[in-house]
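Participant: Quick one: the structure is below, and I'll ask about it shortly.
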Amino acid sequence: MTDRTDTELAGLVAGAPILVTGGTGLFGRALIARLVALGARVRAVSTKPPALALPAGVEHLAGSLADPRFAEHACRGMAGLFHCAGLRGSIAIQTRQACDLLAGNISVDFNTLEAARKACVARVVYVSTVTVHPPMAVFREDLAWSANPPPGVQFVAWSKRMAEKLIEAQEVQYGLVNTAIIRPVNTFGPYDDFDPATALVVAALIGRVLDGTGPLLVWGDGSAVRDFLYVEDAVEGLLLAYLRGLGQGPINLGTGHGVTIRELVETIIAVSGRPREIVWDTSRPVGEPSKVADITRARTLLGFAPQVPLAEGIARTMRWLREFRARI
């Protein structure tokens, strides 16, 4: 992000009351740090108090946005909203918790977006996901509704599709053009979920490599291609969307480059400094063969340009995780 863009953002958010939902998670913590640095008055929402203290001056509300009264309370008096809260899930998790992911996300998203409308929040960034796209090697925003999402991730995908449709409905009925819809790829970094039972691929592999010994069992044959984005780059995209993306339609955030799961695993092992044998379990489902974001719209509309290479992002995440575990 250029100095000029930082100056524009500071002029927009300095002194402004801004709500960040999912404020103790992957997106929320990195976003709050940037907003505080830009001079915003931040209110953070999460279901539980943070494990590590938020920056000084940040207001924290603990509660469920599935409760419309809590969502209205959280949005009251806010000038801006970054809606990052939501339930994520791998293929295995979506099989076990299909209803939780579908109904839970719809409740949280609908309550929050409607509460923001009623509170006249001027600027909203909604964090969707590239998972809304049907199977295709390269995700283009205008093709998201051309077919159904992949069955393995359909419950999160449909919940996010419906929230995007609600934003469209708010524009149709109320004339609102105050929302940016951002579809990030698989994002990783500090404050991610590293629980092997619930974590997504990068965080799960980092945790297992740091914690385990002996052969590393990985689903598939390593040939699947994915687009991985470090959280600080994702947050720069969200801030650019707050500045320039309102009413522009959905915008993908990613690197625009594919990495095989084999390359990912080998990079994590190399960065960890702990050599491990890799065992590929080809009997397990691996999802679509290729999922890479077309980020042309992010580049042209927002001026988005990711900066952190995969290996550097992994190294930063590992350092943070070691330090975090030493403090708790």
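The values are calculated or read from the model by the stated rules, or taken from the named source; none is laboratory data. None of the values given here were measured: they were computed from a predicted structure. Glycine also receives a Cβ, built like all others from the backbone with ideal geometry; neighbour counts cover every protein chain displayed.
Participant: Among the residues in segment 237-257, are any without any contact (Cβ under 8 Å) to a residue 40 or more places away in the chain and surrounded by fewer than 18 Cβ atoms within 10 Å (Cβ to Cβ)?
Facilitator: Within segment 237-257, one or more residues are without any contact (Cβ under 8 Å) to a residue 40 or more places away in the chain and surrounded by fewer than 18 Cβ atoms within 10 Å (Cβ to Cβ).
Participant: Specify which of the listed residues (ILE167, ILE182) is in a helix (DSSP H, G or I) and among the hydrophobic types (A, V, I, L, M, F, W, C). First the steps, then the outcome.
Facilitator: Details: ILE182 fails: in a helix (DSSP H, G or I).
Just a single option satisfies the conditions, and that option is ILE167.
Participant: Could we say that GLN173 is polar (S, T, N, Q), modelled with pLDDT of 95 or more and either assigned to a helix (DSSP H, G or I) or crowded, with 17+ Cβ neighbours inside 10 Å (or both) here?
Facilitator: Numbers: polar (S, T, N, Q): yes; modelled with pLDDT of 95 or more: yes; either assigned to a helix (DSSP H, G or I) or crowded, with 17+ Cβ neighbours inside 10 Å (or both): yes.
Considered against the rule, which asks whether it is polar (S, T, N, Q), modelled with pLDDT of 95 or more and either assigned to a helix (DSSP H, G or I) or crowded, with 17+ Cβ neighbours inside 10 Å (or both), GLN173 comes out as yes.
Participant: If you scan segment 57-78, which residues turn out to be assigned to a helix (DSSP H, G or I) and of a type in the set (Gly, Ala, Ser)? Give the steps one after another, and end with the answer.
Facilitator: Kept after step one, since they are assigned to a helix (DSSP H, G or I), are these residues of segment 57-78: 68-75.
Residues satisfying the conditions are ALA71, ALA74.
Participant: Quick one: in segment 258-276, of everything that is in contact with a strand residue (DSSP E or B) (Cβ under 7 Å, 6 or more places away or on another chain) and not in a helix (DSSP H, G or I), which residue is modelled with the lowest pLDDT?
Facilitator: Of everything passing the filter in segment 258-276, ARG276 is modelled with the lowest pLDDT.
Participant: Sticking with this one: Quick one: in segment 40-90, of everything that is more than 23 Å from TYR242 (Cα to Cα) and polar (S, T, N, Q), which residue is modelled with the lowest pLDDT?
Facilitator: SER90
Participant: Mind checking which residues of segment 59-95 are of a type in the set (Ser, Thr, Tyr) and over 22 Å from LEU26 (Cβ atoms)?
Facilitator: As a first pass, look at segment 59-95 and keep what is of a type in the set (Ser, Thr, Tyr): 64, 90, 95.
Listed by number, the list holds a single entry, THR95.
Participant: Related question: Anything in segment 103-144 that is within 30 Å of ALA74 (Cβ to Cβ), aliphatic (A, V, I, L, M), part of a loop (DSSP other than H, G, I, E, B) and touching a residue at least 60 places away in the same chain (Cβ under 8 Å)? List them, or say none.
Facilitator: Once the filter is applied, which keeps residues that are within 30 Å of ALA74 (Cβ to Cβ), aliphatic (A, V, I, L, M), part of a loop (DSSP other than H, G, I, E, B) and touching a residue at least 60 places away in the same chain (Cβ under 8 Å), segment 103-144 yields VAL121, ALA144.
Participant: If you don't mind, there's one more thing I want to ask. From the set of residues in segment 1-35 that are surrounded by fewer than 16 Cβ atoms within 10 Å (Cβ to Cβ) and β-branched (Val, Ile, Thr), which is modelled with the lowest pLDDT?
Facilitator: By that ranking, first place goes to THR2.
Here's the yes/no breakdown for (1) of a type in the set (Phe, Trp, Tyr); (2) surrounded by fewer than 17 Cβ atoms within 10 Å (Cβ to Cβ); (3) not in a helix (DSSP H, G or I):
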| residue | (1), (2), (3) |
| --- | --- |
| SER146 | no, yes, yes |
| GLY152 | no, no, no |
| VAL156 | no, no, no |
| TYR191 | yes, no, yes |
| PRO196 | no, yes, yes |
| GLY222 | no, no, yes |
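Participant: Right, next: Can you tell me which of GLY152, GLY104 is small (Gly, Ala, Ser), farther than 20 Å from GLY80 by Cα, touching a helix residue (DSSP H, G or I) at 6+ places or on another chain (Cβ under 7 Å) and modelled with pLDDT under 95? Spell out the reasoning first.
Facilitator: Details: GLY104 fails: touching a helix residue (DSSP H, G or I) at 6+ places or on another chain (Cβ under 7 Å).
Answer to the selection: GLY152.
Yes/no per residue for (1) in contact with a helix residue (DSSP H, G or I) (Cβ under 6 Å, 6 or more places away or on another chain); (2) under 22 Å from ARG208 (Cβ atoms); (3) assigned to a helix (DSSP H, G or I); (4) of a type in the set (Phe, Trp, Tyr):
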| residue | (1), (2), (3), (4) |
| --- | --- |
| VAL286 | no, yes, no, no |
| PHE304 | yes, no, no, yes |
| TRP320 | no, yes, yes, yes |
| GLU323 | no, yes, yes, no |
| ALA326 | no, yes, yes, no |
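Participant: Could you list, in sequence order, all residues of segment 288-302 that are in a loop (DSSP other than H, G, I, E, B) and either of a type in the set (Gly, Ala, Ser) or farther than 27 Å from THR5 by Cα (or both)?
Facilitator: As a first pass, look at segment 288-302 and keep what is in a loop (DSSP other than H, G, I, E, B): 288-289, 294-295.
Matches in segment 288-302: GLU288, PRO289.
Participant: Quick test for you: out of VAL279, VAL265, pick the one residue that is touching a residue at least 24 places away in the same chain (Cβ under 8 Å), farther than 20 Å from PHE228 by Cβ and of a type in the set (A, V, I, L, M).
Facilitator: From the options VAL279, VAL265, the qualifying one is VAL279.
Participant: From LEU102, LEU52, LEU38, which residue is under 18 Å from ALA180 (Cβ atoms) and surrounded by fewer than 21 Cβ atoms within 10 Å (Cβ to Cβ)?
Facilitator: Details: LEU102 fails: under 18 Å from ALA180 (Cβ atoms); LEU52 fails: under 18 Å from ALA180 (Cβ atoms).
None of the others qualify; the one that does is LEU38.
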